Amino acid sequence: PPRRLGDLGLLAGPRAVTLGDLPLPSFFLPARSAALNLLHGSCRLLHGHGEDALVAADELLAERARDLDRRPSALVLTGDQIYGDEVAGPLIGHLTRLGAELLGPGDTTSVPGVPALDRLAVYGRQELSHQLGFTSSKAGNHLFSLGEFAAMYLVAWDETNWPQRLPDPAEALPSGGRGSRVGARQRHGYAAELAGLEAARRALPAVRRVLANVPTYMIFDDHDVTDDWNLTREWHDQVWSSRGGRRVVANALAAYWAFQGWGNAPESFDEQFLEVVKAGPAGERFDQTLWSFDRWSYQVPTAPPMLVLDTRTQRDFDS
């Protein structure tokens with residue numbers, strides 16, 4: 001039988017996605033004469049400093065839920081909704097395990113030239129990411145597989161996809177070299193990331209409530225894939241020539257499609273595209289289809305209309 005929002009505990013209590021005294025999540029279609037009230041957000045690093053700005057959006061929506069002249073009618077997110085390169089140390093092991101749960105155990109060995117992901121140490125992917133052609137200096141926990149990218153989206157927007165407890169530094173980091181500056185710096189950084197993640201976890205009920213009550217439009221930035229994505233011709237050719245690097249970018253774009261791009265303009269994705277993505281990351285057809293897809297741009301049906309442009313995959317390089 002179908003499960004309704006009430007069956008999932010989403011209409012009452014701490015996980016409720018309703019605004020004020022409204023019984024269900026809600027949205028509205030503004031008349032042409034109504035003011036266009038937009039919320040705009042940029043990048044969102046889970047373990048970043050400060051409060052999640054979507055908490056303020058949640059408060060605004062609750063305050064104006066029945067005031068359609070002042071209630072936000074759309075949310076536009078034009079920055080990185082996940083960071084594929086800069087992933088927090090306390091989270092990477094869980095993402096690998098959740099990715100394998102989502103797509104099967106073969107997900108951990110699905111990237112050519114990359115060892116089994118569940119055998120890589122925390123902060124142990126920096127050198128490997130450079131071998132794949134990437135250039136980020138913060139790639140110690142870079143996401144690689146399609147399962148890991150999908151898991152990151154699930155964690156970014158719903159606290160029920162988190163483990164009950166994230167490992168502390170003593171559990172996650174090697175015990176050797178405790179007297180070294182590198183070891184001390186790593187433990188200090190890990191502890192700071194852990195504190196940031198716990199703050200993010202507390203904000204997630206508000207984040208889900210916002211996404212449940214406002215039409216939301218998104219477009220990728222660089223970190224949704226990796227830092228310096230398509231920044232130069234040299235970068236593009238270098239990553240494309242690496243089988244593993246090519247696959248990681250394709251995985252990131254497939255996850256972007258599933259969790260961001262599909263909802264923007266579903267009509268942009270034909271059956272051939274859907275067939276390739278559903279078949280998963282197996283072979284050159286998957287990589288070629290994701291790298292060559294050129295319909296990520298779209299128009300939002302607001303008044304006046306809003307154009308959202310893909311300026312990452314549709315670049316020409318002079319040099």
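The values are calculated or read from the model by the stated rules, or taken from the named source; none is laboratory data. Note that the structure is a prediction, hence the values are computed from the model and not measured. As a convention, Cβ positions derive from the backbone with ideal geometry for all residues, glycine included, and neighbour counts pool all protein chains shown. Areas reflect the complete protein model, heavy atoms only, side chains present, ligands, DNA and RNA absent. Shrake-Rupley method; radii C 1.70, N 1.55, O 1.52, S 1.80 Å.
Assorted remarks:
- Point-charge dipole on Cβ atoms (K/R +1, D/E -1) for the chain, about Cα centre, debye to 20: 640 debye
- Close amide H partners of MET218, meaning residues 5 or more places away or on another chain with modelled amide H under 5 Å apart, are LEU77.
- Looking at the chain, the accessible area is 50 square angstrom per residue; that uses a 1.4 Å probe and ignores ligands, DNA and RNA.
- Using a probe of 1.4 Å on the protein chains alone, the accessible area found for ARG209 is around 50 Å².
- Mean sequence separation of contacting Cα pairs (under 8 Å, at least six apart), scaled by the length of region 1-138, corresponds to a relative contact order of 19 percent.
- Among HIS130, HIS223, HIS47, residue whose mean-square fluctuation peaks in a GNM of the chain (springs only between Cα atoms under 10 Å): HIS130
- Per residue, the convex hull around the alpha carbon atoms of region 5-123 comes to 174 Å³.
- Rounded to the nearest 500, the 222 nm mean residue ellipticity of the chain from helices alone is -12000 deg cm²/dmol, with -39,500 (n - 2.57) taken per DSSP H run of at least 4 residues.
- Dividing the Cα radius of gyration of the chain by its Kirkwood radius returns 0.98 for Rg/Rh.
- 3J(HN,Hα) couplings calculated from phi for region 91-108 with the Karplus curve 6.51 cos²θ - 1.76 cosθ + 1.60 (θ = phi - 60°) are, in sequence order, 9, 5, x, 5, 5, 4, 5, 5, x, 5, 5, 6, 10, x, x, x, 4, 6 Hz; Gly and Pro show x.
- Within region 110-144, backbone nitrogen closer than 13 Å to the virtual label 7 Å beyond the Cα of GLN238 toward Cβ: 129-137
- A viscosity of 0.890 mPa s and a temperature of 25 °C, combined with the Kirkwood radius over C-alpha pairs in the Stokes-Einstein formula, give region 138-251 a diffusion coefficient of 144 µm²/s.
- Rounded to the nearest 20, the Cβ-based charge dipole of region 242-288 about its Cα centre (Lys and Arg +1, Asp and Glu -1) stands at 320 debye.
- Rounded if a/c under 1.5, otherwise prolate or oblate - region 193-277, Cα gyration tensor axes: oblate
- The 3J(HN,Hα) values that the Karplus relation (6.51, -1.76, 1.60; θ = phi - 60°) gives for region 300-311 are, in residue order, 8, x, 8, 10, x, x, 10, 9, 10, 9, 7, 9 Hz. Gly and Pro appear as x.
- Entry note, region 116-241: relative contact order of 29 percent, from Cα contacts under 8 Å with a spacing of 6+ residues.
- 3J(HN,Hα) couplings calculated from phi for region 9-21 with the Karplus curve 6.51 cos²θ - 1.76 cosθ + 1.60 (θ = phi - 60°) are, in sequence order, x, 9, 10, 7, x, x, 9, 4, 10, 9, 9, x, 9 Hz; Gly and Pro show x.
- Within-14-Å neighbourhood charge of GLY84 [Cβ basis; K, R +1; D, E -1]: -4
- Considering only LEU143, TYR83, ASN161, the residue lying farthest towards the positive end of the dipole of the chain is ASN161, judged by Cα position with unit charges set on Cβ.
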